[in-house]
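This report concerns only the one structure given below.
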Amino acid sequence: MIQQYSFQQDFIYYDAHKTTLKIKYNVIENENQSLKAEYIDINMLGKFYHRSTISSTEDEIVAENVPYMAIKSNATLIVSKFTTVVMSDLNCPQRTFLSSNCWQAPMRMMCNLNVYGCLYENIKEHLILHFAKFLCRSMSECIVLRGISSKGTNWKFLDSAVAEFGLKRMESYGTGVVSARRRMQHKM
(Lines give C-alpha, C1' and ligand atoms only; values in the text may rest on other atoms or scores of the structure.)
Protein backbone atom coordinates (compact mmCIF):
# COMPACT_ATOMS: atom_id res chain seq x y z
CA MET A 1 0.00 0.00 0.00
CA ILE A 2 1.33 3.45 -0.91
CA GLN A 3 0.46 6.34 1.36
CA GLN A 4 1.00 9.88 0.06
CA TYR A 5 1.04 13.08 2.09
CA SER A 6 2.14 16.65 1.65
CA PHE A 7 3.76 19.12 4.03
CA GLN A 8 2.04 22.52 3.86
CA GLN A 9 3.11 25.79 5.43
CA ASP A 10 1.77 29.34 5.59
CA PHE A 11 3.67 32.16 3.90
CA ILE A 12 3.64 35.88 4.66
CA TYR A 13 5.72 38.66 3.10
CA TYR A 14 7.24 41.89 4.45
CA ASP A 15 9.31 44.52 2.69
CA ALA A 16 11.68 47.30 3.71
CA HIS A 17 14.47 49.51 2.45
CA LYS A 18 17.99 48.45 3.43
CA THR A 19 18.85 51.86 4.93
CA THR A 20 15.75 51.91 7.16
CA LEU A 21 16.35 48.33 8.31
CA LYS A 22 20.01 49.03 9.16
CA ILE A 23 19.19 52.16 11.19
CA LYS A 24 16.41 50.47 13.17
CA TYR A 25 18.50 47.32 13.63
CA ASN A 26 21.39 49.33 15.16
CA VAL A 27 19.05 51.00 17.68
CA ILE A 28 17.31 47.75 18.66
CA GLU A 29 20.55 45.75 18.83
CA ASN A 30 22.10 48.32 21.22
CA GLU A 31 19.01 48.13 23.49
CA ASN A 32 19.02 44.30 23.64
CA GLN A 33 22.44 43.20 24.84
CA SER A 34 21.38 40.05 26.74
CA LEU A 35 19.67 37.69 24.32
CA LYS A 36 18.20 34.31 25.25
CA ALA A 37 18.26 33.15 21.63
CA GLU A 38 21.52 31.78 20.25
CA TYR A 39 23.13 30.64 17.01
CA ILE A 40 23.11 26.88 16.58
CA ASP A 41 26.01 25.06 14.95
CA ILE A 42 25.96 21.65 13.27
CA ASN A 43 26.92 19.72 16.43
CA MET A 44 24.33 21.42 18.64
CA LEU A 45 21.58 20.94 16.04
CA GLY A 46 22.50 17.26 15.69
CA LYS A 47 22.34 16.78 19.47
CA PHE A 48 18.98 18.56 19.60
CA TYR A 49 17.54 16.28 16.89
CA HIS A 50 18.96 13.24 18.62
CA ARG A 51 17.07 13.90 21.86
CA SER A 52 13.83 15.51 20.69
CA THR A 53 11.67 16.66 17.83
CA ILE A 54 10.55 20.18 17.08
CA SER A 55 6.90 19.14 17.18
CA SER A 56 4.92 16.13 16.16
CA THR A 57 3.61 17.91 13.05
CA GLU A 58 6.92 19.41 11.89
CA ASP A 59 9.31 16.60 11.11
CA GLU A 60 10.94 18.44 8.22
CA ILE A 61 13.20 21.49 8.16
CA VAL A 62 13.45 23.59 5.01
CA ALA A 63 16.90 25.00 4.25
CA GLU A 64 17.61 26.83 1.02
CA ASN A 65 14.17 25.77 -0.25
CA VAL A 66 14.98 22.06 0.21
CA PRO A 67 13.03 20.02 2.81
CA TYR A 68 15.12 17.77 5.05
CA MET A 69 13.90 15.25 7.62
CA ALA A 70 14.54 16.59 11.12
CA ILE A 71 17.15 13.97 12.02
CA LYS A 72 20.67 14.20 13.40
CA SER A 73 22.46 13.23 10.18
CA ASN A 74 20.81 16.09 8.26
CA ALA A 75 22.22 18.82 10.54
CA THR A 76 25.20 19.26 8.20
CA LEU A 77 22.81 19.87 5.29
CA ILE A 78 20.71 22.39 7.21
CA VAL A 79 23.43 24.53 8.81
CA SER A 80 25.58 26.01 6.06
CA LYS A 81 27.28 29.22 5.00
CA PHE A 82 23.98 30.16 3.34
CA THR A 83 21.62 29.19 6.17
CA THR A 84 21.66 30.67 9.67
CA VAL A 85 19.96 28.72 12.47
CA VAL A 86 18.87 30.35 15.74
CA MET A 87 17.09 28.70 18.66
CA SER A 88 15.75 29.90 21.97
CA ASP A 89 16.06 27.96 25.21
CA LEU A 90 16.76 24.33 24.26
CA ASN A 91 15.15 23.01 27.46
CA CYS A 92 11.92 24.99 27.18
CA PRO A 93 8.90 23.34 25.52
CA GLN A 94 7.90 26.81 24.22
CA ARG A 95 11.14 27.12 22.30
CA THR A 96 11.32 28.71 18.88
CA PHE A 97 13.63 27.49 16.15
CA LEU A 98 14.31 29.65 13.10
CA SER A 99 16.38 29.10 10.02
CA SER A 100 16.99 31.75 7.41
CA ASN A 101 18.69 31.97 4.08
CA CYS A 102 19.07 34.98 1.81
CA TRP A 103 19.90 35.56 -1.82
CA GLN A 104 20.08 38.46 -4.22
CA ALA A 105 17.21 38.32 -6.72
CA PRO A 106 17.28 40.54 -9.82
CA MET A 107 15.26 43.39 -8.25
CA ARG A 108 15.66 42.86 -4.49
CA MET A 109 17.28 40.92 -1.69
CA MET A 110 15.14 37.95 -0.60
CA CYS A 111 15.27 36.40 2.86
CA ASN A 112 13.33 33.28 3.86
CA LEU A 113 12.64 33.04 7.58
CA ASN A 114 11.44 29.51 8.44
CA VAL A 115 9.74 29.41 11.86
CA TYR A 116 9.37 26.14 13.79
CA GLY A 117 7.83 25.83 17.24
CA CYS A 118 6.00 28.63 19.04
CA LEU A 119 5.87 32.15 17.68
CA TYR A 120 5.81 34.46 20.69
CA GLU A 121 7.49 37.58 22.13
CA ASN A 122 11.04 36.19 21.85
CA ILE A 123 10.91 36.39 18.04
CA LYS A 124 12.56 39.83 18.22
CA GLU A 125 15.70 38.26 19.75
CA HIS A 126 15.84 35.78 16.89
CA LEU A 127 15.51 38.56 14.32
CA ILE A 128 18.41 40.49 15.89
CA LEU A 129 20.69 37.49 15.35
CA HIS A 130 19.42 36.77 11.83
CA PHE A 131 19.71 40.40 10.74
CA ALA A 132 23.27 40.56 12.14
CA LYS A 133 24.32 37.91 9.57
CA PHE A 134 22.05 39.25 6.85
CA LEU A 135 22.90 42.98 6.95
CA CYS A 136 26.66 42.50 6.53
CA ARG A 137 26.13 41.31 2.93
CA SER A 138 26.11 43.53 -0.10
CA MET A 139 22.55 43.83 -1.32
CA SER A 140 20.07 45.94 -3.23
CA GLU A 141 18.11 48.69 -1.51
CA CYS A 142 14.84 46.67 -1.53
CA ILE A 143 14.51 43.76 0.88
CA VAL A 144 11.71 41.19 1.03
CA LEU A 145 11.37 38.91 4.06
CA ARG A 146 9.21 35.82 3.59
CA GLY A 147 7.96 34.31 6.84
CA ILE A 148 7.21 30.60 6.59
CA SER A 149 5.54 28.59 9.35
CA SER A 150 3.09 25.77 10.03
CA LYS A 151 -0.40 25.97 8.59
CA GLY A 152 -2.70 28.15 10.71
CA THR A 153 0.09 30.22 12.33
CA ASN A 154 -0.91 33.36 14.20
CA TRP A 155 1.50 35.99 12.83
CA LYS A 156 0.83 38.77 15.40
CA PHE A 157 4.20 38.42 17.19
CA LEU A 158 6.18 38.40 13.94
CA ASP A 159 4.10 41.32 12.59
CA SER A 160 4.89 43.32 15.72
CA ALA A 161 8.60 42.43 15.76
CA VAL A 162 9.33 43.15 12.10
CA ALA A 163 7.44 46.46 12.33
CA GLU A 164 10.00 47.59 14.92
CA PHE A 165 12.71 46.94 12.30
CA GLY A 166 10.83 49.00 9.69
CA LEU A 167 9.43 46.10 7.65
CA LYS A 168 5.88 46.44 6.37
CA ARG A 169 3.51 43.57 5.72
CA MET A 170 2.72 43.08 2.04
CA GLU A 171 -0.66 41.94 0.71
CA SER A 172 0.85 38.69 -0.52
CA TYR A 173 0.30 35.68 1.74
CA GLY A 174 -1.08 32.17 1.61
CA THR A 175 -0.50 28.46 2.14
CA GLY A 176 1.61 26.26 -0.09
CA VAL A 177 2.94 22.75 -0.37
CA VAL A 178 6.57 22.56 0.73
CA SER A 179 7.09 18.89 -0.06
CA ALA A 180 5.20 15.75 -0.93
CA ARG A 181 6.21 12.25 0.02
CA ARG A 182 5.15 8.69 -0.60
CA ARG A 183 5.54 5.91 1.90
CA MET A 184 5.14 2.27 1.10
CA GLN A 185 3.60 0.09 3.75
CA HIS A 186 3.75 -3.66 3.54
CA LYS A 187 0.87 -5.76 4.78
CA MET A 188 1.86 -8.73 6.82
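Data overview
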quantity	calculated
Residue identified as open to solvent by 10 Å² or more (accessible area, probe 1.4 Å), part of a loop (DSSP other than H, G, I, E, B) and either more than 19 Å from Phe11 (Cα to Cα) or of a type in the set (Ser, Thr, Tyr) (or both) among Glu121, Glu125	Glu121
Thr20, sole failed condition from (1) under 17 Å from the mean Cα position of the chain (by Cα); (2) at pLDDT 80 or above; (3) under 18 Å from Leu145 (Cβ atoms)	(1)
Long-range neighbours under 8 Å by Cβ, at least six apart or interchain, first residue of a type in the set (Phe, Trp, Tyr) within region 102-114, second in a strand (DSSP E or B) and open to solvent by less than 20 Å² (accessible area, probe 1.4 Å)	Trp103/Met109
Unmet requirement for Glu141, which otherwise passes all of (1) buried (at least 16 other Cβ atoms within 10 Å of the Cβ); (2) at pLDDT 80 or above	(1)
Top-ranked residue of region 65-91 - restricted to ones that are more than 23 Å from Asn122 (Cα to Cα), at pLDDT 75 or above and in contact with a helix residue (DSSP H, G or I) (Cβ under 6 Å, 6 or more places away or on another chain), ranked as least open to solvent (accessible area, probe 1.4 Å)	Ala75
Test: residue in region 94-114 that is at pLDDT below 75, more than 20 Å from Tyr13 (Cβ to Cβ) and open to solvent by 10 Å² or more (accessible area, probe 1.4 Å)	yes
Subset of region 122-132 [in contact (Cβ under 8 Å) with a residue 60 or more places away in the chain and among the β-branched types (Val, Ile, Thr)]	Ile128
Residue match in region 2-17 (condition: part of a helix (DSSP H, G or I) and either at pLDDT 75 or above or on the phi < 0 side of the Ramachandran plot (or both))	no
Leading residue by the ranking (farthest from the chain's Cα centre (by Cα)) among those in region 133-170 that are part of a loop (DSSP other than H, G, I, E, B) and free of Cβ contacts under 8 Å to residues at least 60 places away in the same chain	Ser138
Enumeration of residues in region 144-153 that are open to solvent by 40 Å² or more (accessible area, probe 1.4 Å) and modelled with pLDDT of 85 or more	Arg146
Complete set of residues in region 34-59 that are surrounded by fewer than 18 Cβ atoms within 10 Å (Cβ to Cβ), part of a helix (DSSP H, G or I) and modelled with pLDDT under 80	Lys47, His50, Arg51
Val62 in a strand (DSSP E or B) and at pLDDT 80 or above	no
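The values are calculated or read from the model by the stated rules, or taken from the named source; none is laboratory data. All figures in this text were calculated on a predicted structure; none of them were measured in a lab. Positions of Cβ are generated from backbone atoms using ideal geometry, with glycine treated the same way; all protein chains shown enter the neighbour counts. The area values use the complete protein model at the heavy-atom level, side chains included, leaving out ligands, DNA and RNA. Shrake-Rupley method; radii C 1.70, N 1.55, O 1.52, S 1.80 Å.
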